[in-house]
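Read through the structure below, which is laid out as C-alpha cells, and then see the notes.
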C-alpha cells in the first residue's frame with residue numbers, strides 16, 4: 001500500500017506546487033524584468049508603450065483573466081495587474097482607439113470573429129464580470145482598424161451550463 005501511495009502523493013505534490021507558483025503573488029514593483037520573467041515565465045506577447053513595455057500573461061484559452069506586467073525604461077517592474085476588467089473595457093475610445101491601443105490595454109482576445117455582411121472584425125474577450133458572471137466583451141473594428149463599438153453580453157462558452165467551444 002505504501003508503494004502505491006508514495007508515487008500518487010509525489011505527483012499530487014508536484015502538481016499542486018505548480019498551481020502554487022501560478023497563484024502566488026508576483027514579484028514586487030521595483031523588481032528587474034529578469035526577476036519578473038523568472039517568476040512568471042516567458043510572456044505571451046510584449047507590447048511597446050512609449051518608454052515602457054508590457055509583458056502579457058493570459059490564462060489559457062478558457063481563462064477569464066489576463067495579466068500585464070508594465071516594465072519601465074529602467075528595466076524595473078512598475079505594475080502587475082489583471083486587465084480584463086469593466087474599467088479597462090469602458091476606457092476603450094470608440095472612433096479613436098486602434099487595434100494596437102486595445103492590445104496594449106487588454107492583450108490578445110479569446111476569439112477573433114470576422115463578419116461577412118458588415119465590414120467589422122470583432123475581438124471577443126471572455127471574462128469574469130464583477131467576479132461573478134461569465135461575460136464576453138466584444139470590441140468591433142472597422143476596415144481601418146479603428147474601434148467602431150464595444151459590446152458586452154453573456155459568454156456563449158458557458159450558456160446552458162456547458163462549454164460549447
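Here, each number is a calculation from the coordinates, and none is a lab measurement. Since we're looking at a predicted model, the values are computed, not measured. So basically every Cβ, Gly included, is an ideal-geometry build from the backbone, and we count neighbours across all protein chains shown.
Taking N as the residue count of the stretch 109-149, its C-alpha radius of gyration divided by 2.2 N^0.38 Å amounts to 1.28. Ranking of 118, 146 by neighbouring Cβ atoms within 10 Å, starting from the fewest: 118, 146. To the nearest 0.05, what FRET efficiency results for residue 151 and residue 45 with a Förster distance of 22 Å applied to their C-beta separation? Efficiency, rounded to the nearest 0.05: 0.35. Equivalent ellipsoid of the stretch 93-165: semi-axes from √(5λ) of the C-alpha gyration tensor, largest first, are 23, 14, 10 Å. Full extension of the chain segment joining residue 108 with residue 159 gains 16.1 nm, where the gain is 0.36 nm per residue of separation less the Cα-Cα distance.
Once you reduce the stretch 29-68 and the stretch 134-159 to the center of their Cα atoms, the two points are 23 Å from each other.
D by Stokes-Einstein for the stretch 26-83, Kirkwood Rh over Cα pairs, 37 °C, 0.692 mPa s: 290 µm²/s.
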